[in-house]
Amino acid sequence: MKNDFIPVAEPVLGAIERELLLDAFDSGWISAGGTYNKKLEEDFSSYCDMDYGSTVSNGTVALHLAVRALDLVSGDEVIVPNFNGIYGAYALLYEGVTPVPVDAEYGTWNIDTQLIEERITPKTKAIMVVHLYGHPCNMNPILELAKKYNLYIIEDAAEAHGAEYNGRKAGSFGDISTFSFFSNKIITSGEGGIVLTNDAEIYKKVEYFKNQCFHVDGPRNFTHEDIGYNYRLTNLQSAIAYAQFLQIDKLVDARIAINKKYREMLQDIEGISFQDEREYAKNVFWMTGIIIDSKKAGFTRNQLEDHLARNNIQTRRLFVGMDRQPVLKKYDYFFEESFPVSDILADNGLYLPTSSLLTDSNINRITETIKQLI
Ligand SMILES: Cc1ncc(COP(=O)(O)O)c(C=O)c1O
């Protein structure tokens, strides 16, 4: 790899992370249930204005725990955004729950709230909302539907640490909310995640399932009444995540500043559009995504991707619709529906390097390289 390589994402790890990690190490408490797990659970949940937090090994198992804690079972249906990574669908499929996909809306790239109601059936038990690329979903219509049809909300805020909807933090809307601390996320512990809730019973269930279904209150006598998992996060990882959490405002601001700079540098280029920031939203721009309108731009997404790669600049395509996922096609879920907005995003979108470490001169180089294609 040449040393002028710009990765699409890179964690920012410094003195505070090192100090807290070594503190956890020196304490001898390296597995789960340590002081940094507790600090992270308490402080991250209050940051999101939620009562309970439970650290977990990653954002995917966080979603699985949500499914188990809400007692969703085979035959139940859950509304999901069609345009998304596979994670939420996996969490449902682990339990045989049917994902019912709804197309995205232009602009925010999130689930189109106007299309949800027509997909609700007597089997629908929950709506899974995912705040994609840092932009919160339009929550009021979703909350109204959840109330009207008595549905749970599973809120996947893996990409939206610090994002806000009408001044309220992403992660504060779900009956159960989940975050990822994977290394490309706004705050990270390498691998990791957290589940939040305001409901004491749901919290208990999350702790129960994540701890191999050991009795929460009863004796630890190695008898188990349900199928459990080891989905715990170590104290070492929690120490890193906690150090990152202490700097969350700075890390969020860095993403927003990067997005602003990209917009300024690319504003004159026809055919490149960015994710919106709606009036209700604080978009934390986890990643700066762009959509290429090839007729206007004169080049396609794939050409841009190749051109940047040849110039040692890494990008990633945006997600692929659930309707196109080979793994989901093996099931009978997706009938003959079409998802035109998801298709546009999947076929024409990519995200540019967006690590909080990115310098202005990196962004200049990236945007100048893009301009060479015109
Ligand atoms: C929206 C979303 N949900 C869930 C996940 C899963 O998180 P993890 O990779 O920590 O399992 C991710 C990221 O990977 C994600 O982007």
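The values are calculated or read from the model by the stated rules, or taken from the named source; none is laboratory data. The shown structure was predicted, so the numbers you read here are calculated from the model rather than taken from an experiment. Counting neighbours? That spans all protein chains shown, and the Cβs are built from the backbone with ideal geometry, glycine included. Calculation scope for accessible area: heavy atoms of the full protein, side chains included, ligands and nucleic acids excluded. Shrake-Rupley method; radii C 1.70, N 1.55, O 1.52, S 1.80 Å.
What to note about this one:
- Of everything in the stretch 217-246 that is in a loop (DSSP other than H, G, I, E, B) and under 18 Å from residue 45 (Cβ atoms), the residue that is most open to solvent (accessible area, probe 1.4 Å) is 246.
- Assessment of the stretch 138-149 against the conditions (among the β-branched types (Val, Ile, Thr) and free of Cβ contacts under 8 Å to residues at least 40 places away in the same chain) yields at least one matching residue.
- Counting only residues that are under 30 Å from residue 184 (Cα atoms) and not aromatic (Phe, Trp, Tyr), the stretch 213-240 holds 11 of them.
- Test result for residue 80, within 13 Å of the ligand (Cβ to nearest atom), β-branched (Val, Ile, Thr) and in contact (Cβ under 8 Å) with a residue 12 or more places away in the chain: yes
- Looking across the stretch 280-310, the residues that are over 26 Å from the mean Cα position of the chain (by Cα) and among the polar types (S, T, N, Q) come down to 294, 300, 303.
- Only listed residue being within 26 Å of residue 60 (Cα to Cα) and either of a type in the set (S, T, N, Q) or touching a residue at least 12 places away in the same chain (Cβ under 8 Å) (or both), chosen from 300, 223, 234: 234
- Pairs with Cβ under 7 Å, 6+ apart, first in the stretch 245-259 and aromatic (Phe, Trp, Tyr), second assigned to a helix (DSSP H, G or I): 245/40; 245/43; 245/44
- Residue among 49, 71, 26, 76 that is touching a strand residue (DSSP E or B) at 6+ places or on another chain (Cβ under 7 Å) and surrounded by fewer than 18 Cβ atoms within 10 Å (Cβ to Cβ): 49
- Some residue of the stretch 47-67 being closer than 20 Å to residue 122 by Cα, part of a helix (DSSP H, G or I) and within 16 Å of the ligand (Cβ to nearest atom): yes
- Scanning the stretch 145-155 for residues being in contact with a helix residue (DSSP H, G or I) (Cβ under 9 Å, 6 or more places away or on another chain), outside any loop (DSSP other than H, G, I, E, B) and open to solvent by 10 Å² or more (accessible area, probe 1.4 Å) gives a total of 4.
- Among the residues listed as 116, 86, the single one being away from the ligand (no atom under 16 Å from the Cβ), at pLDDT 95 or above and within 21 Å of the chain's Cα centre (by Cα): 116
- For the stretch 338-374, a residue qualifies if it is under 16 Å from residue 105 (Cβ atoms) and over 23 Å from the mean Cα position of the chain (by Cα), and exactly one does: 338.
- Candidates 229, 262, 203 - the one that is within 14 Å of the ligand (Cβ to nearest atom), more than 19 Å from the chain's Cα centre (by Cα) and of a type in the set (Ser, Thr, Tyr): 229
- Which numbered condition residue 223 misses (of (1) farther than 20 Å from residue 171 by Cβ; (2) touching a helix residue (DSSP H, G or I) at 6+ places or on another chain (Cβ under 9 Å); (3) hydroxyl-bearing (Ser, Thr, Tyr)): (2)
- Residues in the stretch 126-155 that are of a type outside the set (A, V, I, L, M, F, W, C) and over 21 Å from residue 59 (Cβ atoms) were compared, and the one that is nearest to the ligand (Cβ to nearest atom) is 138.
- Scanning the stretch 113-137 for residues that are surrounded by 20 or more Cβ atoms within 10 Å (Cβ to Cβ) and either hydrophobic (A, V, I, L, M, F, W, C) or part of a loop (DSSP other than H, G, I, E, B) (or both) turns up 116, 126, 127, 128, 129, 130, 131, 132, 135, 136, 137.
- Within the stretch 97-111, tally of residues that are open to solvent by less than 30 Å² (accessible area, probe 1.4 Å) and part of a loop (DSSP other than H, G, I, E, B): 6
- Options 19, 42, 10, 95: the member that is in contact with a strand residue (DSSP E or B) (Cβ under 8 Å, 6 or more places away or on another chain) and among the acidic types (Asp, Glu): 42
- Looking across the stretch 161-182, not a single residue is over 12 Å from the mean Cα position of the chain (by Cα) and near the ligand (Cβ under 10 Å from one of its atoms).
- So residue 158, is it open to solvent by less than 10 Å² (accessible area, probe 1.4 Å), in contact with a strand residue (DSSP E or B) (Cβ under 7 Å, 6 or more places away or on another chain) and either within 16 Å of the ligand (Cβ to nearest atom) or without any contact (Cβ under 8 Å) to a residue 24 or more places away in the chain (or both): no
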